[in-house]
Amino acid sequence: QVQLVESGGGLVQTGASLRLSCAASGGTFSGYVMGWFRQAPGKEREFVAAITRGGGSTDYADSVKGRFTISRDNAKNTVYLQMNSLKPEDTAVYYCAARISIKISTTTNYNYWGQGTQVTVSS
C-alpha cells in the first residue's frame, strides 16, 4: 500500500510559479508511474502530467505544455510538478497518483491517490 502526500499549493497571482511535491511512502516508489491530476469545482478530475518509473518519458495535457514540468527523484521517493506562468484556469485541487504499470496513462486509471493540495491563481 502506497501513501501519497502532496504539498506546495497556495494562492498566487497570474504569471507566478509554484512547485508541488508529492512524497510517497509504504511502497517501492521506483516501481510506479507517477501522475498529477487536477479537479476544479464542478468539473471532472483531469490529467495534467505523468512520468515513467525511471523518469525517462513524460506526458502533458495540452493545456499545460510548455508551462508545467513533471520530474521525480526516486532516491527521495518524491515527484514534483513545477508550474510556471500560472493562469486563473489552473485553479484546482491538484492530486498526485501512482500507477502499477510501465506505461503512462492519461486517464484516472491509477492505483493510489493523495488527498490533494489546493492551487488558486488570482487574476
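Taking Cα pairs under 8 Å and at least six residues apart, what relative contact order does the range 7-86 come out at, in percent?
Relative contact order comes out at 36 percent.
Could you point to the residue in L86, T14, G54 farthest towards the positive end of the chain's charge dipole, with +1 and -1 charges on the Cβ of Lys/Arg and Asp/Glu respectively?
Projecting each Cα onto the dipole axis, the largest value belongs to G54.
Based on the mean of other beta carbon atoms within 10 Å per residue, what is the order of 8-16, 43-51, 30-38, 76-84, most packed first?
Result, highest mean first: 30-38, 76-84, 43-51, 8-16.
Dipole of the range 3-120, Cα-centred, from +1 at each Lys and Arg C-beta and -1 at each Asp and Glu C-beta, to the nearest 20 debye?
With only Lys, Arg, Asp and Glu charged at Cβ, the dipole is about 180 debye.
With each pseudo-label sitting 7 Å past Cα toward Cβ, what's the T58-T107 distance in nm, one decimal?
Output for this residue pair reads 2.5 nm.
Using the crude model of +1 on Lys and Arg Cβ and -1 on Asp and Glu Cβ, and no other charge, please compute the dipole size for the range 15-80 relative to its Cα centre, in debye to 20.
Charge dipole of the range 15-80: 140 debye, to the nearest 20.
Where a number appears in this text, it was derived from the coordinates with a stated rule and is not lab data. Bear in mind that the values here come from a model prediction, so they are computed numbers and not experimental data. Note that we place each Cβ from the backbone using ideal geometry, even for glycine, and neighbour counts take in every protein chain shown.
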